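Asker: Here it is, the structure in full.
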Amino acid sequence: MTAVKTFSPQSKPAPSGPDTNASTAQGLTPTDTLRQRARQDVMDGAVTSTYTLDPKEVVALLNDALATEWVCALRYKRHYYVAKGIKARFAASEFLEHAQQELDHADRLAERIVQLGGNPDLNPDTLTQRSHATYHDGTGLRDMIIEDLVAERIAIDSYRELAKFLGDHDSTTRKLIEDILAVEEEHADDLMDLLEAEPTSISTQ
Ligand SMILES: [Fe+2]
Ligand SMILES: [Fe+2]
């Protein structure tokens with residue numbers, strides 16, 4: 001596989017003129033080569049010859065993340081439905097917001113999977129097996145918050161590792177993962193606030 005060319009902003013500007021290979025002066029791929037390569041594997045879509053990872057491996061990792069997001073969305077939805085009473089109202093609104101954001105993450109992951117030539121795996125039979133986080137009903141509001149916090153902490157660690165794995169090999173997917181990671185950290189922070197606000201007295205009644 002062809003190595004990715006390094007772009008240096010400090011490089012001298014390319015000489016002006018009609019020569020389509022002028023960019024070689026900056027260490028960039030000549031335009032003719034870019035055009036030829038793009039046409040050669042046109043059916044690979046967004047995955048070009050300079051993609052230095054195995055797209056199938058990245059798709060598999062993203063499918064695990066996709067399963068995690070769906071399991072988290074389902075768990076938050078369940079917690080939203082069963083959280084009752086004045087004291088649980090604020091927690092319920094947080095659960096709903098988190099559920100919606102997990103589904104947004106799922107959509108963005110699925111879109112990237114398709115861009116990489118893969119298929120989003122949403123088979124419900126295997127969702128919980130493939131998810132990093134587990135699904136827990138929760139027996140009371142405090143228990144639900146703790147289960148959600150555990151799941152967020154699992155997601156944070158797995159996304160951090162995934163971003164590191166992707167590195168500069170796939171900056172588009174890495175940026176997506178880093179965006180999602182930042183939201184998972186906010187979720188964990190929200191859940192900590194809920195726990196600290198009502199450490200023992202909140203209930204589902
Ligand atoms: Fe998420
Ligand atoms: Fe989350």
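The values are calculated or read from the model by the stated rules, or taken from the named source; none is laboratory data. These numbers come from a predicted model, not from an experiment. Every residue, glycine among them, receives a Cβ derived from its backbone with ideal geometry; neighbour counts consider all protein chains shown.
Asker: Being more than 14 Å from ligand 2 (Cβ to nearest atom), in a helix (DSSP H, G or I) and among the small types (Gly, Ala, Ser) is the filter here; which residues of region 99-119 pass it?
Answerer: Once the filter is applied, which keeps residues that are more than 14 Å from ligand 2 (Cβ to nearest atom), in a helix (DSSP H, G or I) and among the small types (Gly, Ala, Ser), region 99-119 yields only Ala110.
Asker: Here are Leu96, Leu122: which of them is away from ligand 2 (no atom under 12 Å from the Cβ), of a type outside the set (D, E, K, R) and touching a residue at least 40 places away in the same chain (Cβ under 8 Å)?
Answerer: Matching residue, one of Leu96, Leu122: Leu122.
Asker: Additional query: Taking the criterion of being in contact with a Pro (Cβ under 6 Å, 6 or more places away or on another chain) and either of a type in the set (Phe, Trp, Tyr) or at pLDDT 95 or above (or both), would at least one residue in region 93-111 satisfy it? Let's see the steps before the verdict.
Answerer: Narrowing region 93-111 to residues in contact with a Pro (Cβ under 6 Å, 6 or more places away or on another chain): 110.
So of that shortlist, the ones also either of a type in the set (Phe, Trp, Tyr) or at pLDDT 95 or above (or both) come out as 110.
Among the residues of region 93-111, at least one is in contact with a Pro (Cβ under 6 Å, 6 or more places away or on another chain) and either of a type in the set (Phe, Trp, Tyr) or at pLDDT 95 or above (or both), which makes the answer yes.
Asker: Let me ask you something else. Which of the following residues is touching a His at 6+ places or on another chain (Cβ under 8 Å) and surrounded by 15 or more Cβ atoms within 10 Å (Cβ to Cβ): Leu61, Leu74, Leu53, Leu34?
Answerer: Leu53
Asker: So, Ala155, is that one at pLDDT 95 or above, under 10 Å from the mean Cα position of the chain (by Cα) and under 27 Å from Ala88 (Cα atoms) or not?
Answerer: yes
Asker: Taking the options Asp168, Asp104, Asp125, Asp143, name whichever one is surrounded by fewer than 15 Cβ atoms within 10 Å (Cβ to Cβ), within 11 Å of ligand 1 (Cβ to nearest atom) and among the charged types (D, E, K, R).
Answerer: Details: Asp168 fails: within 11 Å of ligand 1 (Cβ to nearest atom); Asp125 fails: within 11 Å of ligand 1 (Cβ to nearest atom); Asp143 fails: within 11 Å of ligand 1 (Cβ to nearest atom).
Of the residues listed, the single one that is surrounded by fewer than 15 Cβ atoms within 10 Å (Cβ to Cβ), within 11 Å of ligand 1 (Cβ to nearest atom) and among the charged types (D, E, K, R) is Asp104.
Asker: For region 143-173, which positions are over 16 Å from Asp64 (Cβ atoms), in a helix (DSSP H, G or I), more than 14 Å from ligand 2 (Cβ to nearest atom) and charged (D, E, K, R)?
Answerer: Once the filter is applied, which keeps residues that are over 16 Å from Asp64 (Cβ atoms), in a helix (DSSP H, G or I), more than 14 Å from ligand 2 (Cβ to nearest atom) and charged (D, E, K, R), region 143-173 yields only Asp143.
Asker: Check whether at least one residue in region 73-81 is of a type in the set (Ser, Thr, Tyr), touching a residue at least 40 places away in the same chain (Cβ under 8 Å), within 15 Å of ligand 2 (Cβ to nearest atom) and in a helix (DSSP H, G or I), and report yes or no.
Answerer: Taking every residue of region 73-81 in turn, at least one turns out to be of a type in the set (Ser, Thr, Tyr), touching a residue at least 40 places away in the same chain (Cβ under 8 Å), within 15 Å of ligand 2 (Cβ to nearest atom) and in a helix (DSSP H, G or I).
Asker: Which of the following residues is of a type in the set (Phe, Trp, Tyr), modelled with pLDDT of 95 or more and either under 13 Å from the mean Cα position of the chain (by Cα) or on the phi < 0 side of the Ramachandran plot (or both): Tyr135, Tyr76?
Answerer: The unique qualifying residue is Tyr76.
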